[in-house]
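This report concerns only the one structure given below.
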Amino acid sequence: MLQNVNDAGLNNDDPVRVTFRLVDLTDDEEFRDAIRWDDLLTHVRGAAKEQNGPGLEEYLEYLDDGGSFRVLVVEEENTTGIQGDEISPGTDYTALVRDPGSSNKTGETAGRHGLGSSVLWVASGLQTVLFNSVLADEAPGQESPRFIGRSFIPTHETPDGAWHENEGWFGSPTGFDDDDLQRPESVWDGPARDLASRLCLSRPDVSGTSTAIVGFRDPSDPSMSDQPNPPEIADTFEETAAEYFWPAISQGDLEVHLDMEGDERTVDSDTIEDFDSVAPFIKCYEGRTDAPKTLGGPGQVASLEFPYEIRSKRKEQTPSEGQISLAVRRAYPDEEERIGDIAMFRGSGMVVKYKPAHHLGFSGKFHAVLACGNARSGPNEDPTPADRAIEEFLAMAEPPAHDEWYGKNNDELKGAYEDGSVKCVRKLKTGLLREYLSDLLYGHEDEGGETLNPGRSILPRTRSSRGRSEREGTPSIPSPFDYTVDSEVVHDHWVFRGVVGPDEGVGDVVDWSVTIGLKAMYEDNSEADEIPIADVDLRGSPDATYSISDGEAEVIVDSAVDEIRFTIESERFRDTDPRLGDVGETKFKITDGTIHVEEGE
């Protein structure tokens, strides 16, 4: 939700201020009278009988057994407010209130609302949400504040035998006088202010929106068997805000305040570096300006910018090449959180993803940032047209949850940009990131830096191996690939034949890739030299392609094929090469892999 709020910030020098306020209203008669509690519960009880799975019925039982009735208020300041009339498409009002789950997002924000708004109702035990908004720009006939509420519950029957649709409205009955509306509409001005006061939604007279999640609950516990207490809720909100919004918070663009039934906390530019999990990333991002390309000792930063090609839009010619900023900071021995992670983000100020570097074949004590689009530019530096083009491109590559950049099955991206946009997204996250991270990590061995080894490998016990790959050193994170492989020496080179594919448990696969390397092993299981790959045969796997770089083979499968068959041949050895004389085993390594799966419902 914070991402959607931050996207709605006004274009000025003031930060977006968001306050999460948890209130216990178990015995608040004024609130119950204002929301017409008995009528609301009559409909919710009827809907609970029609709902499949846990949810409404369990929450009602929780209340009947004396559970606390909580309301979570989310108060925004310095945002646009809920713009739009009651019926026009493509407005804040449509995306947030009338049709939550839709999106009015365009351009660099890639969405003001969308999935971020629909989760409000998921967090409500009564599936009811109220809004009180002060608009930055008012249309004729509008006078802030604006008040409206919605319930989304299953179609149901009430005790009088009447059946009701699944959409409930809480607003002014004057909407029934409009032939095009025929439902309650927004309440405005004084009546809205009075109603908000009775419903715990009073707000400052500054632009922004206050949202009340009625009957707040932890949506991960719909059975209501293990609901968190206020300090636990505060911990979750505080940690999430810091871990995923430190780019915006550290730059002074966002402040988060918490008041969980008296447990008050603040996450802003003055406190953000108190969080050990993000302080190294902030120092890395802020220290990248004028940093060398050589990584020094603990606390030192190395950075570079590399070229990134995207595609022009179909309807207009837009920049198709720009720069991406990559920086690495060597960790101190006592820095233990998110070691080896790469924070990926753009100008919206939210970390889209923390990518573990071992997925790219690296290990070691460092933190890294991949700053894209409008986040590439330095302090007091305006984004370039190319930055803005990359910002908009990656914004459109984000799903509604803002937790990935993806191109496959992204019809919006493929429809807006010229052919090849899917590969541009994938290349940034794998090939380019691996190449330039390697430059920063490997390019300084003579100056005291450490050589980093790929983090995921497979060590067959015999030359005929069947099993699942495991990542050394961290057995709690299994490889997402299954394989079967046989190896033999044919004349003067190694030959590996086998099958590899995503683990059955990863979900519905859309496409995938895997990078394979070879290493000779002596009889005592110590590692000998790398064995460069010379050729790959994928006959029988028409959906797969491959490339060889630095002695490793990358196999790309642009379909939902479960597995592919391969034959891999190493480079030829000299007659006296020790890799054929004293070598007792071979090591088949998966040094990188990417699996795209279907988004969940």
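Just so you know, all these numbers are worked out from the coordinates, no wet-lab data involved. Since the model is a prediction, treat every value here as computed from it, not as a measurement. Here the Cβ positions follow ideal geometry from the backbone for every residue, glycine too, while neighbour counts run over all protein chains shown.
Below, the figures for the structure above:
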item: Top positive-direction residue, dipole computed over the chain with Cβ charges, set L201, A401, T515; result: T515
item: Model label zone, A560; criterion: amide N under 15 Å from point 7 Å along Cα-to-beta-carbon; scope region 386-422; result: 408-410
item: C-alpha long axis of helix 433-442 to longest principal axis of the chain, angle in °; result: 60 degrees
item: Loop GluC sites (Glu not before Pro), region 298-369, which have at most 15 other Cβ atoms in a 10 Å radius of their Cβ (DSSP); result: E316, E336, E337
item: Extension reserve of the S549-R314 stretch, reckoned as 0.36 nm per residue once the Cα distance is removed; result: 81.3 nm
item: Contour minus Cα-Cα distance for D403 and T266 (0.36 nm per residue); result: 46.9 nm
item: Between 0 and 90°, nearest 10: helix 37-48 axis offset from the chain longest Cα axis; result: 40 degrees
item: Virtual spin-label span in nm between I339 and S223, 7 Å along Cα→Cβ; result: 3.7 nm
item: Listed residues H596, A302, V561: farthest to the positive end of the dipole of the chain (Cβ charges); result: V561
item: Along each principal axis, Cα extent of the chain, largest first, Å; result: 92, 56, 50
item: Among the listed pairs K315/K427; K365/K429; K365/K408; K283/K414, those beyond 31 Å (Cα-Cα); result: K365/K408; K283/K414
item: Potential lengthening between E165 and E569 on full extension [0.36 nm per residue; Cα-Cα distance subtracted]; result: 139.0 nm
item: At 1.306 mPa s and 10 °C, Stokes D of region 9-227 from Kirkwood alpha-carbon radius, µm² per second; result: 88 µm²/s
item: Value of Rg/Rh across region 243-312 [Cα atoms, Kirkwood radius]; result: 1.13
item: Restricting region 8-52 to trypsin sites (Lys or Arg not before Pro) in coil, as DSSP defines it, with at most 14 other Cβ within 10 Å; result: R36, K49
item: The chain: angle of helix 189-198 to the longest principal axis, Cα-based, in degrees nearest 10; result: 80 degrees
